[in-house]
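Taking it in order: structure first as structure tokens, then the write-up.
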Amino acid sequence: MASIAIIGTGYVGLTTGACFSHLGHDVVCADIDEPKIARLQNGEIPIVEKGLDRLVDEGLRSGKLRFVVGAAEASKDAEFHYLCVPTPQGEDGAADLSYLEAAASEIAGVLPNDSVVVNKSTVPVGSTRVVARVLGRSDVAVVSNPEFLREGTAVADFLNPDRVVIGSRDQEAAIRVAALYSRVAAPIMVTDPVSAETIKYASNAFLASKLSFVNAIATLCEAVGADVNDVVLGMGYDSRIGREFLRPGPGWGGSCFPKDTKALARIAEDAGYDFSFLNEVLLVNEQQFDRTAAKIVDSVDAAAGQGHVAALGLTFKAGTDDLRDSPSIEVLKRVTAAGVKVRAYDPAVLVDDNHVGRIYPDLDIEIVGDPYTAAEGAASLAILTEWDEFTWLDFDKLAEIMGGRNIVDARNLLDDTIPRRRGFKYRGIGR
Ligand code: UGA
């Protein structure tokens, strides 16, 4: 079993570290955030990620997982060094590599001979070269091993991946990295670093394109009177299309798709190719936010403008507490800009949590602790995140407490016959 240092304990780093220790490796995770490391040493997980607490607990008990402050402290005795630091979007749309470069320069002097540095962060094409240059160590191989983890199911995705991609010009280093996954049943693909980095961006941008396409089809369905749920079901039977990632919604978001789609457009531009297709994909997504917000505002108007909107769901999807680039928030920004008041509930967002305000200081909404408090006196109810608990809403109770009987189901989550039977006017997406 190998010794692995993980630099950065965000959802990618923490999941990678906990899963590698579960697979039997000796793992040390490092971060610059001291209070976060102290909490992790006590087994406290800072994010909502299914199954992660159990793996961290298991690793801490067996001694196979440790948490330390500082990258150099973690790297000094390890054979593999996974860089899992953020690569936020810079001002010009390109990814900001300053965290990556800082981490590489911090570990450069302490790396044991012949160790392997692995880029796990989503980094622009060509970044393995950047890391190799910063390290300045001819005995150390730099390998790309992009992650394909979804927030909320990251542990399951790590342990049962569709594929493991390794990008390296050094065959021996590639084989050593591949051996870390020997207990994972998945195809392992070895390619050059630039191709590995491109696979990551191309995969995310393709999935984002698929969603923009589906959302555009949903709009078409509304125009021609088709039901998008049936349309995507019929499309999904075709194995070339596949059933997944065909759910229309209020627009797509999260910390990866918007950033990576923009970054890929920028990478192409820098390489002399105008990838205007991706600009359309992004534009369709903005239009979807606009259209969803307009539906909500119209539903309030239908209730003679009396009352607020009860917004259910703030996170960018269900199963996570992540609010970054959330489609719900994008939609609510537009709704509040139209002068409509919003009272929101999300099962992963605490009422007194100032997190929302920190990320979105201009968003003027009230947050409450349950869906019925949000709905009291509301002109309209809008479902913006597909949390399972919203499927079980009591529509008799909602009919009693709401001021208007309007529902905008931006995730097509509900069986529309139920609210309609209680006298609600139901508006879905593309149906
Ligand atoms: C995404 C990719 O799915 C992962 O493979 C990748 O590793 C990750 O980005 C990353 O680059 O780190 P994630 O951001 O967790 O994962 O979110 P997704 O589950 O892909 O959802 C993205 C957005 O699309 C969400 O707003 C979600 O609600 C929306 N979505 C997804 C739909 O509207 N419809 C669907 O059918 C699926």
So which residues in the stretch 36-83 are more than 30 Å from Gly167 (Cα to Cα) and open to solvent by 80 Å² or more (accessible area, probe 1.4 Å)?
Arg39, Gln41, Asn42, Glu44, Asp53, Arg54, Arg61
Leu159 in contact with a strand residue (DSSP E or B) (Cβ under 8 Å, 6 or more places away or on another chain) and either modelled with pLDDT under 95 or assigned by TED's automatic domain parsing to the domain that holds Val56 (or both)
no
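From the list Arg266, Arg243, exactly one residue is part of a loop (DSSP other than H, G, I, E, B) and under 29 Å from Asp322 (Cβ atoms). Which is it? Break it down stepwise before answering.
Details: Arg266 fails: part of a loop (DSSP other than H, G, I, E, B).
Of Arg266, Arg243, the one residue that is part of a loop (DSSP other than H, G, I, E, B) and under 29 Å from Asp322 (Cβ atoms) is Arg243.
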Collect the residues in the stretch 241-266 that are out of contact with any Phe, Trp or Tyr (no Cβ under 7 Å at 6 or more places or on another chain) and away from the ligand (no atom under 12 Å from the Cβ), keeping them in residue-number order.
Ile241, Lys262, Arg266
Leading residue by the ranking (nearest to Thr128 (Cα to Cα)) among those in the stretch 171-203 that are among the aliphatic types (A, V, I, L, M) and not in a helix (DSSP H, G or I):
Val190
Tell me yes or no: at least one residue of the stretch 387-398 is open to solvent by 20 Å² or more (accessible area, probe 1.4 Å) and on the phi > 0 side of the Ramachandran plot.
no
Filtering the stretch 292-328 down to residues that are touching a Pro at 6+ places or on another chain (Cβ under 6 Å) and either polar (S, T, N, Q) or modelled with pLDDT under 95 (or both) yields Thr292
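What's the total number of residues in the stretch 373-394 that are under 17 Å from Ser299 (Cα atoms) and more than 16 Å from the ligand (Cβ to nearest atom)? Lay out the reasoning, then the answer.
Here is the first cut: in the stretch 373-394, the ones under 17 Å from Ser299 (Cα atoms) are 374-384.
Filter once more, keeping what is more than 16 Å from the ligand (Cβ to nearest atom): 374-381.
The number of residues fulfilling the criteria is 8.
With respect to Phe277, is the statement that it is surrounded by fewer than 17 Cβ atoms within 10 Å (Cβ to Cβ), at pLDDT 95 or above and in the same structural domain as Val408 (by TED's automatic domain parsing) true?
Working: surrounded by fewer than 17 Cβ atoms within 10 Å (Cβ to Cβ): yes; at pLDDT 95 or above: yes; in the same structural domain as Val408 (by TED's automatic domain parsing): yes.
Yes.
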Can you tell me which residue in the stretch 203-228 is farthest from Gly167 (Cα to Cα), limited to those that are away from the ligand (no atom under 11 Å from the Cβ) and either of a type in the set (Lys, Arg) or open to solvent by less than 50 Å² (accessible area, probe 1.4 Å) (or both)?
Ala226
What number of residues within the stretch 300-341 are surrounded by fewer than 24 Cβ atoms within 10 Å (Cβ to Cβ) and of a type in the set (Ser, Thr, Tyr)?
1
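The values are calculated or read from the model by the stated rules, or taken from the named source; none is laboratory data. Only a predicted model underlies this, so the values are computations on that prediction, with no experimental measurement involved. Here Cβ is always computed from backbone atoms with ideal geometry, including for glycine, and neighbour counts include all displayed protein chains. Areas reflect the complete protein model, heavy atoms only, side chains present, ligands, DNA and RNA absent. Shrake-Rupley method; radii C 1.70, N 1.55, O 1.52, S 1.80 Å.
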